[in-house]
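Okay, structure first, notes after.
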Amino acid sequence: PTEKELFEAIKNAYVDVITDLYNEGLRTLQFDDCTWGALADDGFAKRFNADRPLEEVRRDFAGRALQLNNSVLDALPKDLAVNTHVCRGNFHSTWACTGGYDAVAKTLFARENVNAYFLEFDDERSGGFEPLQAVSGEKKVVLGLITTKSPKLEDKKAVIERIYEAAKYVPLERLYLSPQCGFASTEEGNIMTEAQQWAKVRYVEEIAKEVWGED
């Protein structure tokens, strides 16, 4: 009947499900949160409310998303690691959202109570690494520099250079490397064979060992 009751119902649903999983042994959980990718995209964010100024709409919805997420996170066991992936769309090698993290960094990176962020950085749609300076505390950042939308292997030297560029904003010991998103958000998957997907995974491992060592 009211927004407050809806908020509590959503929060309680999340807490109930996550607690059930925790009781079965879960100790690491990842949110696949499309909210932030949508809010970072000017055109997409405008759809939330076309009658109000964009920055006002973005601030309002970002604040509510943060409040809901943190209300769930704060109710969970302290030894459960929770990470968030900012998804920008991943259907049959296509995408939904564009825009750098600048518009949401001071809310998402500074104030969401997660352990790590899995962020898409596989092309120019994701913007630069400057917003990472808003990452607070000892949070980890997983750089999605290896695309899952194309079978072509990225230039290794360029990937390593980008990792060190990101290290200007978050220390290297708190940076990690991964594919930019999953290989199959839907049953159609992306336009890649299984062998090409495994080649990408091995490439992530190969580059990570070069940058961070065997361990």
Exercise. Counting DSSP beta bridges with both partners in the chain, what percentage is antiparallel, nearest 5?
Worked result: 5 percent
Seminar exercise, completed: The answer for Cys34, listing residues at least 5 apart or on another chain whose modeled amide H is closer than 5 Å to its amide H, is Cys87
For this session: Find the relative contact order for the stretch 72-215 and round it to a whole percent, using C-alpha pairs within less than 8 Å whose residues are 6+ positions apart.
Result: 25 percent
Problem set entry | Nearest-0.05 FRET efficiency for Arg202 and Glu124, computed from C-beta distance (R0 35 Å) | 0.85
For this session: Under a cut-off of 29 Å between alpha-carbon atoms, report the lysines in cross-link reach of Lys4, not counting same-chain residues fewer than 8 places apart.
Result: Lys46, Lys78, Lys106
Problem set entry | Protection proxy ranking of 58-67, 202-211 - average other beta-carbon atoms within 10 Å, highest first | 58-67, 202-211
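On the protein heavy atoms, probe 1.4 angstrom, tell me the percent of accessible surface of the chain carried by carbon and sulfur.
On the way: 6080 of 11490 Å².
Carbon-and-sulfur percentage of accessible area, whole number: 53.
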Exercise. Taking H as built 1.01 Å from N, whose amide H comes closer than 5 Å to the amide H of Lys140, not counting residues under 5 places away?
Worked result: Ala116, Tyr117
Exercise. In Å², what does the accessible area per residue of the chain work out to with a 1.4 Å probe?
Worked result: 53 Å²
Exercise. Which net charge results for the neighbourhood of Ser150, defined as the other residues with beta-carbon distances under 11 angstrom from its beta-carbon, given Lys and Arg at +1 and Asp and Glu at -1?
Worked result: 0
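Using a 10 Å cut-off on Cβ atoms, rank the peptides 176-187, 69-80 from the highest mean neighbour count down.
Working: 176-187: 17.0, 69-80: 14.6.
Top of the packing list down: 176-187, 69-80.
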Problem set entry | Phi to ³J(HN,Hα) by Karplus 6.51 cos²θ - 1.76 cosθ + 1.60 over the stretch 21-36, Hz, x for Gly, Pro | 5, 4, 5, 8, x, 4, 10, 9, 10, 10, 7, 9, 9, 7, 3, 6
Exercise. Can you work out ³J(HN,Hα) from phi for every residue in the stretch 73-84, in order, using Karplus 6.51 cos²θ - 1.76 cosθ + 1.60 and θ = phi - 60°, giving whole Hz and x for Gly and Pro?
Worked result: 4, 5, 8, 8, x, 5, 8, 9, 7, 10, 10, 10
For this session: Would you kindly find the accessible area of Trp198, with a 1.4 Å probe and non-protein molecules such as ligands, DNA and RNA excluded, rounding to the nearest 10 Å²?
Result: 130 Å²
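The values are calculated or read from the model by the stated rules, or taken from the named source; none is laboratory data. Here the structure is a predicted model, which is why all the values come from computation and not from measurement. Neighbour counts run over all protein chains shown; Cβ positions are idealised from the backbone, glycine included. The area values use the complete protein model at the heavy-atom level, side chains included, leaving out ligands, DNA and RNA. Shrake-Rupley method; radii C 1.70, N 1.55, O 1.52, S 1.80 Å.
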